[in-house]
1. Among the residues of the stretch A:163-183, write down those that are loosely packed, with under 15 Cβ neighbours inside 10 Å and under 17 Å from the mean Cα position of the chain (by Cα).
2. From the list A:111, A:122, exactly one residue is in the same structural domain as residue A:215 (by TED's automatic domain parsing), touching a residue at least 40 places away in the same chain (Cβ under 8 Å) and under 26 Å from the mean Cα position of the chain (by Cα). Which is it?
3. Tally time: how many residues in the stretch A:80-124 are acidic (Asp, Glu) and farther than 21 Å from residue A:217 by Cβ?
4. If residue A:220 meets every condition in (1) of a type in the set (S, T, N, Q); (2) in contact (Cβ under 8 Å) with a residue 24 or more places away in the chain; (3) within 14 Å of chain B (Cβ to nearest Cβ) apart from one, which number is that one?
5. Of A:199, A:156, which residue is free of Cβ contacts under 8 Å to residues at least 40 places away in the same chain and in the same structural domain as residue A:245 (by TED's automatic domain parsing)?
6. Quick test for you: out of B:70, B:8, pick the one residue that is of a type in the set (Val, Ile, Thr), within 19 Å of residue A:180 (Cα to Cα) and more than 8 Å from chain A (Cβ to nearest Cβ).
7. Report, by residue number, each residue of the stretch B:15-24 that is at the interface with chain A (Cβ under 7 Å from one of its Cβ atoms) and within 15 Å of the chain's Cα centre (by Cα).
Amino acid sequence: MLPDGGRQSLNKYFQFQQPHIRAKIIGGTLIILGIVSLLYATSLSIKIGFTSILIGLFMIFLITERSIPKKISDAQIEGTIDVIQTLTRELNLTGNATFLPTSPLLTEERIFIPLNNTNRKIPEVDDTFVFSTGIDGKSLGISLPPSGLKLLQEIEPDADFTHTELETAEEKLQTFVGFNLLKSITLKKKDETWKLELEKTYICPNDTSLCRQYPCPTCSAALTAVTRAAKQQLLIQNTTHNGKKVTFHLKIGE
Amino acid sequence: MSEKITVVFTVWIIAMLFLTGDENLEIFFVLIFIGVLITRELTDVFAPGNLKDRMNSFIYIFLIIFIIIVGKKIITILGI
C-alpha cells in the first residue's frame, strides 16, 4: 500500500499527464510572457504580447477535456465484448446481427443475433426479451442491447439522429469524428444495399465474425445511429477489414 | 478536436503576426477574427456542442473588439 505522500505525488504525476492540465500550464506561462511583452512600448513587442496572450487564452479555454490512456479504455470495453462472444459461441449462434429500431414495445434499439442466416424471421422483441426459443417458426437467437448504445446517448445531444432522414444522416455521423472516435465515416447507398465505412484511429483488432454479430462500441454506436435515422431494421450482410478501415454492408428494411 | 482547433488558431495567429509585421494592431485583430470565424464555420459539423459554445464566446469577444475598431474608424473619417 502506498503512503499518503506517495499517493499524492503519483496523483499529481497523472494529473500532469492530462492534456488539459499541460495546456493550462503552457497557456498560463504564455499569458504572463505576453503581459511582460506588453510593458515594452514598441509596436512589435505589443503585437507579440497580444499574440502570446491570445494563444494562451485559446489553450486554456479550448483544451478542457480529460483523457485516459487508450489501453485503459480498451480494457474497460473488452470484458463485455468477451462475455458476448463467449455467449454466442456457446449457443452456436452463427447468424449475422440485425439492429432493431425502437417500437411501441421497445424503448431502446436492440441487436438480434439469429441461430443462422437461413431463418431470419425476427420475433416480436420488447424491452424484457432476451432469448428467442423459436416459437411460431421465428428464428432462434438472442436479443441484446448494442454495445454502443450508451456511447450514442452521450453523442446524441450534439447530433440528433432521431429526427434525421437516412439520406442526410452522413452529415450527423461526422460528430463521431469530432469526438475523436473515428478518423472518418461515410454512409453510401449502392443499389439496394448501404455501405457504412468507418476509418478508425487505430488498426481494428476485431475479427470479422465479431463485427458481423456484436460490433465494438464505436462501430455499434454508428450502426445504432443509422438504425435510429432509418427507423427500420438494419441487417449486417457482410463486413470487410482493411487496416484501419472497417466496412459494413447493410440491408435496411424488412 | 479541441487540440487540433487550438493548433490551427495558433498557426493562424503566428502567420498573421508575420504577415502584418509592423502594421497597426487593428488589421492584426481583424485578420485573427476572420480566421476564428472561418475555423468555426469549417468545424461546425465535427465540433462537439460545448466546444462550439467556447469558440462562440471567443467570437463574441472579437466581435466587440471589431465593433470598437470600426467605430473608431468611422469617428476618424467623419472627424467627430
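1. If the condition is that a residue be loosely packed, with under 15 Cβ neighbours inside 10 Å and under 17 Å from the mean Cα position of the chain (by Cα), then A:171, A:183 are the ones that fit.
2. A:111 is the lone residue from the list that is in the same structural domain as residue A:215 (by TED's automatic domain parsing), touching a residue at least 40 places away in the same chain (Cβ under 8 Å) and under 26 Å from the mean Cα position of the chain (by Cα).
3. Count: 2.
4. (3)
5. On the way: A:199 fails: free of Cβ contacts under 8 Å to residues at least 40 places away in the same chain.
On inspection, the qualifying residue turns out to be A:156.
6. Only one candidate passes the filter, namely B:8.
7. Filtering the stretch B:15-24 down to residues at the interface with chain A (Cβ under 7 Å from one of its Cβ atoms) leaves B:17, B:22.
The one that is at the interface with chain A (Cβ under 7 Å from one of its Cβ atoms) and within 15 Å of the chain's Cα centre (by Cα): B:17.
A quick yes/no check of all residues on (1) of a type in the set (S, T, N, Q); (2) modelled with pLDDT under 85:
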{"position": "A:20", "(1), (2)": "no, yes"}
{"position": "A:52", "(1), (2)": "yes, no"}
{"position": "A:55", "(1), (2)": "no, no"}
{"position": "A:67", "(1), (2)": "yes, yes"}
{"position": "A:70", "(1), (2)": "no, yes"}
{"position": "A:77", "(1), (2)": "no, yes"}
{"position": "A:80", "(1), (2)": "yes, yes"}
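The values are calculated or read from the model by the stated rules, or taken from the named source; none is laboratory data. The shown structure was predicted, so the numbers you read here are calculated from the model rather than taken from an experiment. FYI the Cβ positions are ideal-geometry reconstructions off the backbone, even for glycines, and counts take in every protein chain you see.
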